Every structure is written in structure tokens, then in C-alpha cells.
Amino acid sequence: MKSDVAFEQRMKPIFGELFRRDPAGRMWLPALLSPQSAPGSVSYETSGAIITKPEDAFLRKYPPPAGFLRWLALHPGRLTWPDDGMRRFAPEIQLAREEHIGDFGPTPWRARKAEAAAAIDRGETCDCEGKWWAYEGPATIHCAVETDSLLLFILGALDKPPGDAGEWYPGRCEIFRDLDVARENAGQRNFAILLISDSPLERPSRAEAVRALHHLPPDEAERFARERIGYLLWADVRKLLQER
């Protein structure tokens, strides 16, 4: 669903102009988060100015969520080996993942689960590319906006169903992955994502939310999907730009 075309043709020019006119976002961010001026948006009061520098807001990269990686580490039976089990990796990574999935019996299986969980608990997800237990890669966010009270991810979308965030856990669509990333990086702040498209998008079902956020309680996963994902049209955003 996330689209590089939407980013280059719409997201960067439009939000770049909003940042240029008002870097603190005092005029346009509250309007973007108000259902009165932006129907379908999430509804959050945001106090204070945007603290993200405009040059740091676009295509910002975040590590994969530690909570999800830890859940995968402890539940390797939930993993699906890519390419119907035919994908091959560097020898040491191949062996570790085969042992983790249980191909060599319970002793290495338990040891690999403990090894992965310990690495994640030490905070190694911040630099985990190339680690055997990194079954999900980093997220690149089209536009990340932070205030003292809110972390907001703004994503330019295509008018089609979202794709999976990775290959090891089919059904974890990229939108819920990005929401999960926002949840982990928000700290004590509120968090949300906005999807902006040309035409209305079909909203995900409760089953899709629970599947993608399986490491969270089902009611919490469903509530996040219902309350923390906003849907806007580019026409609404252009109107905001014209008014400010």
C-alpha cells in the first residue's frame, strides 16, 4: 500500500511546503488531526510545536519492533521459511535459523530461543541488520512528525491492499508494522499513523489486526487498529495547504 510514487509526487512536495511555511506546525498539524477539518483523521490534541527538523522528517528509518522480534524468538513455530523453505542464507545464519526452527532437535532449539531473546533484551534491535534473529527489517517512514505529546507517521498510500512487511510472518501487513514501530518509539506519548490516498481505502478487519499484532493482546490490537489509524484523501490535504 505504501508507495514511493505517492511519496515523490505528493508527500514530499506538499508536506515540504507545509514545513517551509510553518516548521513548528502550529497552524497545519492541529488541522491535520481534526476530524472537523480533515474527515477520517485520528483525533488527537497536540500541545507544543513540532520538534522534528524538516530535513529529518522524510524517509526516516526505524529499527524493527523489539516486542515483535522477541515474540518471534520465543515462538519460532509461527515462522514461515521464505520461498517454501528453499531460500538460503550465509552459512552461519542458515544454521542458526534451522536450529531455531527446530530442525536439529530440542537442545539447540532452546539455546537459539534464549540467545535471540537475550540479544533483543540487550537492545540489539537498533543495529540488527544481518543478525540471524532479525526476521523483520527496519521500517522507512515517509514522514515522521514528533511533538512533546505525539509521534505521528504520515504515509502516502496507493489505492490497493497493503503488502506484507516481511517474508517470515505472512499476514503482518506493513501498515500494522508501522503502527507497531510508532507504538514502540512513542514512549509515554500518544502515537498514530495517517494514510493518505486518492480514494477511500478499505479499512482492515479485526482479524487482520490481531494477526499482524499477534504479540499484543487481541483487544489491544483491535483497539489500536480502530483508534490510531487515520485515513485522509489528498484532496483534503491540498485544501489544508491552500488555507494555510
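Go through (1) under 21 Å from Asp178 (Cβ atoms); (2) modelled with pLDDT of 95 or more for Gly40 and report which single condition fails.
(2)
Within 26 Å of Glu222 (Cβ to Cβ) and among the hydrophobic types (A, V, I, L, M, F, W, C), is that true of Ala192?
yes
Restricting the search to the stretch 77-114, which residues are among the polar types (S, T, N, Q) and under 29 Å from the mean Cα position of the chain (by Cα)?
Those that are among the polar types (S, T, N, Q) and under 29 Å from the mean Cα position of the chain (by Cα): Thr80, Gln94.
I'm trying to understand the selection: among the residues of the stretch 150-170, which are touching a strand residue (DSSP E or B) at 6+ places or on another chain (Cβ under 7 Å) and either crowded, with 19+ Cβ neighbours inside 10 Å or modelled with pLDDT of 90 or more (or both)?
Scanning the stretch 150-170 gives Leu150, Leu151, Leu152, Phe153, Ile154, Leu155, Gly156, Ala157, Pro162, Ala165, Pro170.
Please give the number of the condition Phe153 fails out of (1) assigned by TED's automatic domain parsing to the domain that holds Leu213; (2) within 17 Å of Trp71 (Cα to Cα).
Among (1) assigned by TED's automatic domain parsing to the domain that holds Leu213; (2) within 17 Å of Trp71 (Cα to Cα), Phe153 violates only (2).
From the residues in the stretch 184-230 that are assigned to a loop (DSSP other than H, G, I, E, B) and hydroxyl-bearing (Ser, Thr, Tyr), which one is surrounded by the most Cβ atoms within 10 Å (Cβ to Cβ)?
To start, the set of residues in the stretch 184-230 that are assigned to a loop (DSSP other than H, G, I, E, B) comprises 186-189, 198-205, 213-217, 228.
Restricting the remaining residues to those that are hydroxyl-bearing (Ser, Thr, Tyr) gives 199, 205.
Working: Ser199: 8, Ser205: 11.
My answer is Ser205.
Please go through the stretch 119-137 and pick out each residue that is assigned to a loop (DSSP other than H, G, I, E, B) and exposed (fewer than 15 other Cβ atoms within 10 Å of the Cβ).
Arg122, Gly123, Glu129, Gly130
Give all pairs with beta carbons closer than 6 Å in which a residue from the stretch 120-138 that is over 15 Å from Glu184 (Cα atoms) meets a residue that is surrounded by 11 or more Cβ atoms within 10 Å (Cβ to Cβ) and among the aromatic types (Phe, Trp, Tyr); count only pairs at least 6 apart in sequence or on separate chains.
Tyr135/Trp168
As an exercise: evaluate Ala66 against (1) under 30 Å from Ser199 (Cβ atoms); (2) at pLDDT 95 or above; (3) in contact with a Ser or Thr (Cβ under 6 Å, 6 or more places away or on another chain) and give the number of the one condition it does not meet.
Here Ala66 meets the rest and fails (1).
Quick grid of which residues meet (1) acidic (Asp, Glu); (2) closer than 30 Å to Met27 by Cα:
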{"site": "Pro170", "(1), (2)": "no, no"}
{"site": "Cys173", "(1), (2)": "no, no"}
{"site": "Leu195", "(1), (2)": "no, yes"}
{"site": "Glu202", "(1), (2)": "yes, yes"}
{"site": "Gly230", "(1), (2)": "no, yes"}
{"site": "Lys239", "(1), (2)": "no, yes"}
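The values are calculated or read from the model by the stated rules, or taken from the named source; none is laboratory data. The model shown is predicted, which means the values in this text are computed figures rather than measured ones. Cβ sites come from the backbone with ideal geometry, for glycine too, and all protein chains shown count toward neighbours.
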